[in-house]
1. Would you work out what percent of the accessible area of the protein assembly as shown, with all protein chains in place, is carbon or sulfur (probe 1.4 Å)?
2. Which of the aspartates and glutamates could be linked to A:Lys198 by a straight reach, that is with a Cα gap under 16 Å, when you skip same-chain ones fewer than 8 residues away?
3. If you count only protein heavy atoms with a 1.4 Å probe, what accessible area per residue comes out for chain A, rounded to a whole Å²?
4. Determine which lysines satisfy two conditions relative to A:Lys89: a Cα distance under 26 Å, and not lying fewer than 8 residues away in the same chain.
5. Taking only protein heavy atoms and a 1.4 Å probe, what accessible area per residue, in Å², does chain B have with all protein chains in place?
6. Residues of the range A:35-50 losing 20 Å² or more of accessible area relative to the isolated chain, 1.4 Å probe, heavy atoms only?
7. Which value, in debye to the nearest 20, describes the size of the charge dipole of chain A about its Cα centre when Lys and Arg Cβ atoms bear +1, Asp and Glu Cβ atoms bear -1, and nothing else is charged?
8. Considering the dipole of the range A:211-289 built from charges on the beta carbon (Lys and Arg +1, Asp and Glu -1) around the Cα centre, which of A:Ala247, A:Gly233, A:Met272 is farthest to its positive end?
Amino acid sequence: MSGLQELMRRHGNDRARLIDMLLEIQREAGYVDDQAIQRLAEGLNLSPLEVRETISFYHFIHDRPPGRHTIWLADTVIARMNGYKEVRKALEEACGCVFGQVDASGSFGLFDTNCIGLSDQEPAMMVDDVVFTRLTPERVRRIVTGLRAGRSAQSLAAVKDRDPTDSDFAAQLASSAIRQRGPVFFSPDRDYPALVEKLVTLLPEELIARVVDSGLRGRGGAGFPTGLKWRLGREAEGAEKYVICNADEGEPGTFKDRVLLMESPEDVLLGMIMAGWALGARHGILYLRWEYGYLQARLQRLLEEWQQARLLGADILGQGFAFDIRIQKGAGAYVCGDETALIESCEGKRGTPRVKPPYPIEEGYLGMPTCVNNVETLAAASRILEKGASWFRALGAPESTGTRLLSVSGDCDRPGIYEIEWGVSLNKVLRMVGAVDPLAVQVSGPSGECVSVARDGERVFCYSDLSCNGSLMIFDRKRDLLEVVEEFTRFFVDESCGICVPCRAGGVDLLHKIRLVRAGRATRRDLDDIRQWGALMHATSRCGLGTTAAKPLLTTLDRFPERYEALLAPDEGPLLPSFDREAALEAHRHAHRILTEDASS
Amino acid sequence: MSVNITIDGLAVRADAGDTLVDVAADNGVYIPTLCYQRGRPCLGTCRVCSVRVNGNVMAACTVPVADGMEVEVNDPADMRKALVELLFAEGNHNCPSCEKSGRCELQVVGYEVGMMVSRFPYRFPLRDRETRPKKIWLENDRCIFCQRCVEFVRDRETGRRIFSIDHRGSRSRIVMDVALADRMSDQQVREAAELCPVGCILQKGLGYNDPIGRRRFEVRRLRQRVLEGEGQ
């Protein structure tokens, strides 16, 4: 246990590094036990329950043994279209336990998780510290047999003898599938030292003006002008300033940030250095979602190489510019994609979105001005430094300049990454990806909208129309769209932080409603309730999660009302259709059975 | 700097940056709150003070007033009512058997928004209560998760939290550190019980002291207390 003192000391006995400490303890011991919680609490001047407050918020931090091998199978709508249920069943049979449990020998723990950023190669699962994709029942049986025989997950994934800091390590585990390249991203042979050199010859104000001029807007979804954010960050007053790269790519269906970090991590680092230069910040944080842990060693090595080359560190290229980057690992919470929740998480706390104002650009990480940018935004900015604002502005559409990456999955011949210019129509994208008989497209993941190909096919991708955050899931005519809606609604209930009433409580009621519809026991009145309760959540929730959680229901009700109406129950007789008479009588039957059995014995 | 805003058409002058819910109260407009208390930092959890600001629904406790702001309190009234109803359906709230009845902010706000019955299905959740501390009883059935206790009650000596959150989402619960709770003075226990807007934090050995008709909100309604101040 002196190891724990040493661990806390290494993190400066700083409460803001609690998540790092918990993850380190877990890496050694498999989970965080009661004794470790007590010691951490004592060392950080917290109550033990305050430590548990953080632990219990995050999906991937355990306070009990999760099995010698911990298996997380991604439960997503795309996986469900590709054999998820069979894979799940095979895993339960092979491991000898059901999901949510550890088998009797303590060898395997089976757990559900939401999208892990591999939608173009699902079903997929994380096992210990690696991922397996394109799963079949046979494949998972082989993997479990191998683990049982004492082989490691790394060896089964054929990466045992590979160096995790190598650039091709992740590619062994998950493919990048870049289907269409464009002018902005993934460009080879960039001279990064020359670009940093170029950066520091610009005045910060010149750099900001250039980014403003380019028209670049945030690629995370909200579309806030990047140059303006940097200017506000420059003007904000603070003893320190921070730049955070949001690599908590949790929106189901998106994986383009993973591919950027695999293929062009240097672009992202350069974008962060640019933001640091623009703001006058000395510190950068790359917030990497837990699910992308297999990218971490390589990113860490890159940071060290750049420090050695003086592209990062106390004195960049001898110009007196100090900027360094640390990696903050997430621990499993979709809501941390919200920038204020992400900042809370960087401070080692629960990822609860803050009350705004103040906005992070004024008071963010540790109360200091903080600029949070998406991975793709930063990578795009790095090209603007190289090619200029007018080059970038000439791409795309007037208010939506440049290109964007789409993560395409679902019913199409060529799922993967596409770089498109803003202004392209949905139909054109569908043809490009080889969509067969598409019915609906989920644009921007569950938090976005479900559009009808028949009605919306000519709409175009741009901030004023289909303002896509990068996730594009395609469903053909054979799909049960309402199963998708139920899945998405469950996702939001799962991921709600619970801090505000409408999201915490309303989400559960909406989930009950869609289940009622799918069970054929809903009436028109239930559809009205969905619309009104959804509007309530949209209007009154505290953060983007709650305001969008009803969108899967609301947008499909709007575009595909016939799918709901076909399932409505006739509203007749003395009982409400929602009343399940058989279930209600079951308790009576059960009691009756016990009584009559007692009497006869 | 002073600014001009309108509240349901009423022209109001206020200091820039003041909190909208306070500004409204100072001008005779009552906006119900369950987590917010004047003079304390905003928690922004209950959303019951939702109003329309320049067309968008916002929680009035989170809004600093700015010049030209147009505020509608009347319009989203049904939303505020719905949020109160959500709370009633989410927990187990039985006013007649609750020792906080007549002193409960959820109950009085329920009356204020005109709630008769919840439009949401009652869930009748099973929740564990915490009875171990010597002086405090935590009746989680009635918790509305406002976070007042979590944020504002601290161990006097170490500054550590006595109340904290466990789990997330609809599984979230308030839990209490028993060792720290046992170090609370009688005075601090009384303050914690008063801080709780509902009958969740209870002081052991005390209850039903005030007879019907003389309980806090029966003597003087919450609306009056907010609009005219606590002192009579």
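The values are calculated or read from the model by the stated rules, or taken from the named source; none is laboratory data. Please read these numbers as outputs of a predicted model, since none were measured by experiment. Every residue, glycine among them, receives a Cβ derived from its backbone with ideal geometry; neighbour counts consider all protein chains shown. Areas reflect the complete protein model, heavy atoms only, side chains present, ligands, DNA and RNA absent. Shrake-Rupley method; radii C 1.70, N 1.55, O 1.52, S 1.80 Å.
1. 48
2. Straight-distance partners of A:Lys198: A:Glu206, A:Glu266, A:Asp267, A:Asp315, A:Glu386.
3. 38
4. A:Lys478
5. 47
6. A:Glu42, A:Asn45, A:Ser47, A:Leu49, A:Glu50
7. Roughly 500 debye for chain A.
8. Toward the positive end, the furthest listed residue is A:Gly233.
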